[in-house]
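Report on the following structure.
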Amino acid sequence: MLVENPKLGWANRNGDKPPFEIVFSFPERVEIHSFRFSTASTESAQRSAKDVDIEISEDGKTFSPVMAVELQDRADHQAFKPDTPATGRYLRYVVRSNHGDDQYWEIMDARAFGVELTNTPMPNVTGTYQGSDYGKFHLLQEGAQLSGCYEYNDGIVQGGFDQHALNLTWREGHEEGQYSGGPAIMVLSRDLKNFKGFWRRTGNNSWNLNWDLKKISDEVGSCPHWKPQSAEGNLVAKSLATEGRVRLYGINFDTDSDRIRADAQPTLNELVAALKANAAWKIMIEGHTDATGGAEHNRDLSNRRAAAVKSALAAAGIDADRLDSKGFGADQPLATNDTAIGRSQNRRVEIQRQ
């Protein structure tokens with residue numbers, strides 16, 4: 001239900017009986033026009049949820065009915081449309097029955113479709129966080145960029161916000177050839193104090209779910225191997241030096257546009273610093289999109305976005321002869337385009353040292 005994969009889903013604990021309440025919290029106030037449920041991949045027949053009440057709330061406490069739906073047993077993409085669009089911040093599904101099993105009630109995928117009615121600016125999440133198996137996380141947010149460290153094996157993180165989700169690159173180790181790293185996703189809680197994190201290693205598609213961070217201080221702090229705004233903590237420079245490539249999630253653009261957003265400036269500054277400190281480097285700037293829209297449109301958009309980054313670097317004093325750019329559209333995805341988080345990972349700028 002959360003990963004937008006109809007083969008993975010929810011089931012009650014054995015012994016618990018209905019009704020079961022499942023509440024979703026949206027990052028913004030929304031207007032919902034339709035719903036869709038999938039149950040084909042439930043573990044066995046008769047376990048599929050049948051009667052489900054859909055309710056909505058502004059405050060997460062008082063819910064109003066939207067509609068009652070009856071789901072088929074083991075069938076995907078069951079669509080429903082309420083008579084009147086539903087507006088609010090919280091959505092609740094109340095599962096009241098299934099198709100006959102006396103132990104389990106299951107839903108594999110549940111989606112709501114509509115539009116956001118508000119656009120709240122992203123708060124600054126700079127601070128120190130605790131709660132993982134990797135020691136304290138020290139995070140610094142500048143615009144859309146987030147950088148920092150964690151107190152395990154010289155860990156460093158760098159990335160950027162895409163609404164309430166944070167796409168990161170992490171890296172551990174300091175000896176040549178002994179480091180490891182990969183992508184990570186952290187989702188900000190409604191109270192702006194906690195992150196739920198998921199990470200995996202490069203080349204391994206299995207996600208680990210043990211980054212559960214709670215804010216303990218508004219002070220960013222530091223690690224022995226990383227200090228805010230220090231050259232030692234410039235993951236862009238480190239990745240280009242050792243791996244020849246870096247993925248930048250802090251460079252965001254207006255929707256369907258090559259206009260670089262103002263909150264991308266800290267990430268651009270870090271890239272400029274890396275290039276000025278290594279005057280012999282030449283780089284290829286790669287633009288990548290998700291699969292929304294046509295292939296030709298996406299390639300053109302990614303070309304223009306990569307060229308916009310090239311122009312920004314040249315304007316910051318980097319010799320244009322050191323810079324090349326190319327757009328790949330949606331041809332090189334990092335994750336599935338079937339999910340919102342997957343699409344956010346695929347929208348990115350990458351830098352390759354030539």
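The values are calculated or read from the model by the stated rules, or taken from the named source; none is laboratory data. None of the values given here were measured: they were computed from a predicted structure. Every residue, glycine among them, receives a Cβ derived from its backbone with ideal geometry; neighbour counts consider all protein chains shown. The accessibility values were calculated without ligands, DNA or RNA, using every heavy atom of the protein model including side chains. Shrake-Rupley method; radii C 1.70, N 1.55, O 1.52, S 1.80 Å.
Just check region 68-145 against the gyration tensor rule for me: Cα atoms, a ≥ b ≥ c as the square roots of the eigenvalues, rounded for a/c under 1.5, and otherwise prolate or oblate depending on whether a/b exceeds b/c.
Details: a/c = 3.69, a/b = 1.72, b/c = 2.15.
Verdict is oblate for region 68-145.
Hey, what number do you get for the chain at 222 nm if only DSSP H runs of n ≥ 4 count, each worth -39500 (n - 2.57), divided across all residues, to the nearest 500? Mean residue ellipticity, 222 nm, calculated: -4500 deg cm²/dmol.
For the chain, give the magnitude of the charge dipole about the Cα centre (Cβ charges: +1 Lys/Arg, -1 Asp/Glu; no others), in debye to the nearest 20.
Result for the chain is approximately 520 debye, rounded to the nearest 20.
Of the peptides 41-50, 149-158, the ranking by mean beta-carbon count within 10 Å, highest at the top, reads 149-158, 41-50. In this rough spin-label picture, where each label sits 7 Å from Cα along the Cβ direction, the residue 70-residue 84 distance is 2.5 nm. For the chain, with a Gaussian network of springs between Cα atoms less than 10 Å apart, report the residue from 159, 203, 88 with the top mean-square fluctuation. Fluctuation is largest for 203. Counting only alpha carbon atoms, the long axis of helix 265-277 and the longest principal axis of the chain meet at about 30°. Taking the centroid of alpha carbons for each part, region 70-94 and region 13-58 are 8 Å apart.
With contacts defined as alpha carbon pairs under 8 Å and 6 or more residues apart, what's the relative contact order of the chain in percent?
13
For residue 282, which aspartates and glutamates qualify as cross-link partners when the Cα separation must be under 17 Å and same-chain residues fewer than eight apart are set aside? Of all the aspartates and glutamates, those that pass the test against residue 282 - Cα under 17 Å, at least 8 places apart if same chain - are 243, 270, 319, 321, 324, 350. Choose one answer from 295, 165, 280: the residue with the largest mean-square fluctuation in a GNM of the chain with alpha-carbon springs under 10 Å. Taking springs between Cα atoms under 10 Å, the residue moving most is 280.
Across region 181-186, coupling constants 3J(HN,Hα) worked out from phi with the 6.51/-1.76/1.60 Karplus curve, θ = phi - 60°, read x, x, x, 8, 10, 10 Hz, and Gly and Pro carry x. Which one, [x] 1.05; [y] 1.20; [z] 1.01, gives Rg/Rh (Cα atoms, Kirkwood Rh) as derived from the coordinates shown? Here Rg/Rh (Cα atoms, Kirkwood Rh) agrees with entry [z].
Here the Karplus relation 6.51 cos²θ - 1.76 cosθ + 1.60, evaluated at θ = phi - 60°, turns the backbone of region 79-85 into coupling constants of 9, 9, 10, x, 5, 10, x Hz, with x for every Gly and Pro.
Computed over every Cα-Cα pair of region 241-311 and binned at 5 Å starting from 0, the pair-distance distribution P(r) comes out as 3, 14, 25, 25, 16, 10, 5, 1 percent. In region 275-354, the convex hull through the Cα atoms has an average projected area of 5.5 nm², a quarter of its surface area.
Per residue, what accessible area does region 52-210 have, given a 1.4 Å probe and all protein chains present, in Å²?
On a per-residue basis, region 52-210 sits at 47 Å².
Taking amide hydrogens as placed 1.01 Å from N in the peptide plane, the amide H of residue 162 sits under 5 Å from those of 167, each at least 5 positions away in sequence or on another chain. For the chain, give the percent of accessible area contributed by carbon and sulfur heavy atoms, probe 1.4 Å, rounded to a whole number. The C+S portion of the solvent-accessible surface of the chain is 47 percent.
On a 26 Å Cα-Cα criterion, which of the cross-link pairs 7/81; 7/215; 227/326 come out too long? Please report the intermediate quantities before stating the final value.
Values: 7/81 23 Å; 7/215 34 Å; 227/326 33 Å.
Those over the limit are 7/215; 227/326.
Peptide packing: for 108-118, 323-333, the average count of neighbouring Cβ atoms within 10 Å per residue gives the ranking 323-333, 108-118, highest mean first.
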